[in-house]
Amino acid sequence: MALRIAVFGSGAVLMALEILAFRIIGKTFGTALRETTAVIAIFLISMSLGYWLGGKAGDRWPCRRTLVLPMAGAGLYILFIPLLDETISERVFDSALPLGLHALTACALFFAVPSLLMATVSPVAIRLLAQAVEQTGKVAGSVSALSTVGSILGTILMGFYLIDAIGSVKLLTVALGGTMLALSALAALGMRLKPAAAGLALLLLAGSGASANIIYERDSSYHHIVVREEDGFRILYFDNAPQSQMSVADPTSGAFEYCDYFSSAFLFKPDIKDVLMLGLGGGSIPKRFLKDNPNVRMDVVDVDAQVVAVARRFFAVQPGPRLNLIVADGRAYLKRTRKKYDYILIDAYTRNRYGSTIPVHLTTREFFEQVSKCLRPGGIVAYNVIAQVGHANDGIITALLRTMDAHFTTPYLFQAESSWNTVIMAFKGTPQRLTRDALLRRAQEAVRAGRIKLPGFEKRAGNIVPVPDLKNAILLTDDNAPVDRLLRGR
């Protein structure tokens, strides 16, 4: 029984560790397709080697020690993954390795050894449990089933519950190491597993010296969330990339420059009332919209409940009669809602040190079809993308423009001066195109009348660039959307 519990538990820990690996790698190297592939590849390679080595070791040394030592070794190695992450990740990131090998190298250093060692458990257990040749098939089937069921349980518990409930990937990683040590002791002694007080004490190893500027840090199902206070500003980070900024003295000010361009919609349609925003972050845009436009009502959708909680707690975002906060996937909400809007904003993207990351399903022709259905005639859509015309990654801008063209007309490109952001604005209808001078005149009138109260907006509204040639632009569809490649300028 002890061996079977060890098999079940090892399967659970192995897959739970793989789920955590995406978060550990993501906060330094990103969460795009390349980084995800690196995690999966390292685990599969290591597990394949582990199954092969476990089979050979079981035949050569058919004793309980052959099972216990790899389990204990895996547990000890996992305990030190948080320390390895803190000391090695930045060095790998700054190394001269080709860009595509950074995440792969870090994955190999952190996870190859423990996943290989845990993969040896099943073949060794089969060798120990099979008393005769005629029993081998039955034993192999039962052990494989136990390991698989354990893997399913570990995946579901970690992905659906533990990360959100505990909120610390470091603590969870060390807890997995402690669990493997306890399982190795069970396998060695053949005893009933007792509460592992020593294993729980190892959780203390997960703590690390936090920066004095950090006032909040937590892992959610989607992000490593950090809130810092620096020089009178409160800044929200996802996976080391700044997302929102707020003045502590005035929560409606201090936002990043690109946020101002979303207010340009009021130059085209001053009577905007119902607004939908996909992506909350720190809530800079809804706070400003509601302050400056007393007739506006906003629904803001964010997929991450922890982001909504952080915005409410640290960034003065308070729901009320004019602000409705909704936890849902943006595209799923568009498909489900029957509500119509005057203005839909999409700002659901983030940036890491390799570049931008964009939810692919929020870029395609099918997505924009849903956006169009939720807009009233004459409505406006605005879309933030971290790229600029004339630079290597402007292929994502031309692809989005071509993709939007089936449902929207008269696009404008507002290009930020202090960042790489470009806000694409287009219309459900055929309004007359305004020149830069006409836009500036409207902006000056809006500022003088008090309809827009953003400092410097009367000049910033003129930061438009010509729409580039779309002849060679890619049409993004649910079936073919090479967003990561376009963002990297390839």
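Here, each number is a calculation from the coordinates, and none is a lab measurement. Since we're looking at a predicted model, the values are computed, not measured. Cβ placement follows ideal geometry from the backbone for every residue including glycine, while neighbour counts extend to all protein chains displayed.
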Original post:
Does segment 334-470 come out rounded, prolate or oblate, given a ≥ b ≥ c as the square roots of the eigenvalues of its C-alpha gyration tensor, rounded meaning a/c under 1.5 and, failing that, prolate meaning a/b above b/c?
Top reply: oblate
Original post:
Relative to the compact globular guide of 2.2 N^0.38 Å, what is the alpha carbon radius of gyration of segment 2-205, as a ratio?
Top reply: 1.02
**OP:** Using amide H atoms built 1.01 Å from N in the peptide plane, name the residues 5+ places from S253, or on other chains, whose amide H lies under 5 Å from its own.
**Re:** S247
Original post:
Any idea what the relative contact order of segment 255-307 is, in percent, if you count C-alpha pairs under 8 Å spaced at least 6 apart?
Top reply: 40 percent
Original post:
Mind checking the alpha-carbon convex hull of segment 17-130 and giving the volume per residue in Å³?
Top reply: 95 Å³
Subject >> the chain - percent relative contact order, Cα under 8 Å, separation 6 or more >> reply: 13 percent
Original post:
By how many nm would the segment from E230 to A249 grow when fully extended, if each residue of separation counts as 0.36 nm and the alpha-carbon distance is taken off?
Top reply: 5.6 nm
**OP:** Anything in the chain that counts as a DSSP H helix reaching 20 Å or more along its axis (C-alpha) with Kyte-Doolittle mean of at least 0.5? List them, would you?
**Re:** 2-29, 33-60, 64-79, 136-157, 169-189
**OP:** For segment 296-332, run through the trypsin sites (Lys or Arg not before Pro) and keep only the ones in DSSP coil with at most 16 other Cβ atoms within 10 Å of their Cβ.
**Re:** R322
Original post:
If you average the sequence gap of Cα pairs under 8 Å that are 6 or more apart and divide by the length of segment 2-205, what percent do you get for the contact order?
Top reply: 42 percent
Original post:
Scaled to the compact-protein estimate 2.2 N^0.38 Å, what is the alpha-carbon radius of gyration of segment 1-83, rounded to two decimal places?
Top reply: 1.25
Original post:
Quick one: if you stick a label point 7 Å off each Cα along the C-beta vector at K138 and L97, how many nm between them?
Top reply: 4.8 nm
Original post:
Expressed as a whole number of Å, what is the distance separating the alpha-carbon centroids of segment 397-438 and segment 100-178?
Top reply: 49 Å
Subject >> For the chain, size of Cβ-based charge dipole, Lys and Arg +1, Asp and Glu -1, in debye >> reply: 800 debye
**OP:** Please pull out the direction-averaged projected area of the chain, using the convex hull of its alpha-carbon atoms, in nm² to one decimal place.
**Re:** 26.0 nm²
**OP:** Identify all aspartates and glutamates with a Cα-Cα distance to K459 below 14 Å; exclude those on the same chain that are fewer than 8 residues away in sequence.
**Re:** E257, D260, E417, D437, E445
Original post:
Each label point is 7 Å from the Cα along the Cα-to-Cβ direction; what then is the distance between the points at M1 and N472, in nm?
Top reply: 6.9 nm
Subject >> Spread of Cα-to-Cα distances over 5 Å intervals beginning at zero, given as percent, for segment 100-166 >> reply: 3, 14, 15, 16, 17, 15, 10, 6, 3, 1
**OP:** For K273 and C63, compute 0.36 nm times the residue count separating them, minus their Cα-Cα distance, and round to one decimal in nm.
**Re:** 68.3 nm
Original post:
At what distance in angstrom do the alpha carbon centres of segment 228-267 and segment 10-26 lie from each other?
Top reply: 33 Å
Subject >> Base-10 log of normalised Debye intensity for segment 250-487 (one unit scatterer per alpha-carbon) at q = 0.12, 0.18 Å⁻¹ >> reply: -0.63, -1.60
